[in-house]
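Asker: There's a structure below that I have some questions on.
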Amino acid sequence: MAPWQTELNKCHMLQIQSQNLVTDNVEVVEGEVAVISCRVKNNDDSVIQLLNPNRQTIYFRDVRPLKDARFQLVNFSDNELRVCLSNVSLSDEGRYVCQLYTDPPQEAYADITVLIPPGNPIIESREGQVIEGNETEMTCTAMGSKPAATIRWMKGDKELQGISKVEETYDHMFTVTSQLRFIVTKEDDGVPVVCIVDHPAVKDFQALTYLVVHYKPEVKIIVEFPDGLPREGQNMELSCQAKGKPHPQQISWVKVDDDLPSHALITGTDLYIENLNKTYNGTYRCFAANSVGESYDDYILYVYDAPTTTPIPTTATTTIPTTTISLPEATADTTPSAEPAAHDSRAGEGAPRAVDHAVIGGVVAVVVFAMLCLLIILGRYFARHKGTYFTHEAKGADDAADADTAIINAEGGHNNSDEKKEYYI
């Protein structure tokens, strides 16, 4: 080959390399519009044409040989051939060819992918109503999509993990089924469960259902009156509040290990007791039942003495030469209170308190005992400080006719007399 021919071939190759033909892949939702763009850099007036997957010419320069009116010219210039395809169907999917007439010809490929969104997702539940503590099963199905969709689950604001299964149909479409299982609680009643379908052709595609959970009643006893501690002679009303699903249809009152007082009156859900006395002490129980089960709550009644207006001595002081006795101030009732699972009428904080008769009797006994001790101490005191006196009688006074004779006959007068002592208290 002559040198000039070699140089000409090198120049021609550089010219081809400088004419870059580019295009882009396209994803389009079925029924929408796809745009194919063939672009050339540094074109030297070479012809651009677009071919379909069957190598049929769609556009040659700005002329459309193919008799498909869905293809329309958007732009034609030395550097670009841009064509749009409307109402895209699955049959339009494939590889389209951008061709530049050079020597040799250049080609670039644009793959059109048709996206087919799934049908509306469908949620099915194994049972419409679930009992608290049981397992429920839900299924969400997204049919007829391309490519296959993905399914997520949300219960309230918490995401749950399901098990998905993908099936391909004869027309290369996909059906996805996701199965979700979980244990329900009474707090789940009314909570939304959402099946979310993710697919490149759609956004925020979802189906929703609400949980219906049945649970046994929750029971609570409320003291309507009296305020504070229950006392003899007062009236009492206890209200039984029960909540469940379905709503409790049966509510009853009993006294544990005993019969209800003869003055007790049951009105609806309330228990009314007149003229309290200590024989009514005990545990009162309210039962509530529905189709799921039965529950109860307890109230422990302890009736206190009626309030008294008798003044209560608080301090007594007795002074003696060596001892002072002070009686401490009477304390209030310190009966321990307990409220494990039941309400206890002995556990009211801030309620008025009264001194029991036993406390008053104890104070009186202490006072009497103190007075007895005082008498004993005084007796011992005077016994230790006794007085004495002497009497002197003349000896031989028994034989004297009179006092003068007795004095004359006495030996030694008073000095020789026997000493006699008399004691007085």
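The values are calculated or read from the model by the stated rules, or taken from the named source; none is laboratory data. Quick caveat: nothing in here was measured; it's all calculated off a predicted structure. For neighbour counting, all protein chains shown are included, and Cβ atoms are generated from backbone atoms with ideal geometry for every residue, glycine included. What goes into the accessible areas is simple: the full protein's heavy atoms, side chains included, and nothing from ligands, DNA or RNA. Shrake-Rupley method; radii C 1.70, N 1.55, O 1.52, S 1.80 Å.
Asker: Using a basic spin-label model with each label point 7 Å from the Cα along Cα→Cβ, how many nm lie between residue 267 and residue 371?
Answerer: Distance between the two pseudo-spin positions: 5.2 nm.
Asker: Ranked highest first by the average count of other Cβ atoms within 10 Å around their residues, in what order do 260-273, 163-176, 131-144 fall?
Answerer: Packing order, densest peptide first, comes out as 131-144, 260-273, 163-176.
Asker: Amide H to amide H, which residues 5 or more places from residue 245 or on other chains are under 5 Å from it, using H placed in the peptide plane?
Answerer: 215
Asker: Another one. Accessible area per residue, 1.4 Å probe, Å², for region 168-275: what's the number?
Answerer: The answer is 56 Å² per residue.
Asker: What length, rounded to one decimal in nm, is gained on full extension from residue 382 through to residue 277, with 0.36 nm per residue of separation minus their alpha-carbon distance?
Answerer: Roughly 32.4 nm would be gained on extension.
Asker: Separate question: Tell me the label-point distance for the pair residue 227, residue 364, using the 7 Å Cα-to-Cβ offset, in nm and rounded to one decimal.
Answerer: It is 3.5 nm.
Asker: So, in nm, how far is label residue 70 from label residue 86 when the simple model puts each one 7 Å beyond its Cα toward the Cβ?
Answerer: Modelled inter-label distance: 1.2 nm.
Asker: Right, another one. Jot down the radius of gyration and Dmax of region 119-211, Cα atoms only, both in angstrom.
Answerer: Using the Cα atoms of region 119-211, the pair Rg, Dmax is 13.8, 45 Å.
Asker: For the pair residue 256 and residue 294, what calculated FRET efficiency results from E = 1/(1 + (r/R0)^6), where r is the Cβ-Cβ distance and R0 = 22 Å, to the nearest 0.05?
Answerer: After rounding to 0.05, the efficiency reads 0.90.
Asker: So what does log10 I(q)/I(0) come out to for region 215-301 at q = 0.17, 0.19, 0.20, 0.25 Å⁻¹, using the Debye formula with one equal point on every Cα and no solvent?
Answerer: One equal scatterer on each Cα of region 215-301 leads to -0.66, -0.80, -0.87, -1.22.
Asker: Regarding region 21-115, what are the three Cα extents along the principal axes, ordered largest first, in Å?
Answerer: Sorted from largest, the Cα extents of region 21-115 read 37, 21, 21 Å.
Asker: Between residue 77 and residue 113, take the C-beta separation as r, use R0 = 41 Å, and let me know the FRET efficiency to the nearest 0.05.
Answerer: So, using R0 = 41 Å, E works out to roughly 0.90.
Asker: Rounded to whole Hz and in sequence order, give me ³J(HN,Hα) for region 201-211 from the Karplus expression 6.51 cos²θ - 1.76 cosθ + 1.60, θ = phi - 60°, writing x for Gly and Pro.
Answerer: After applying 6.51 cos²θ - 1.76 cosθ + 1.60, I find 8, 9, 10, 6, 8, 7, 10, 9, 9, 10, 6 Hz.
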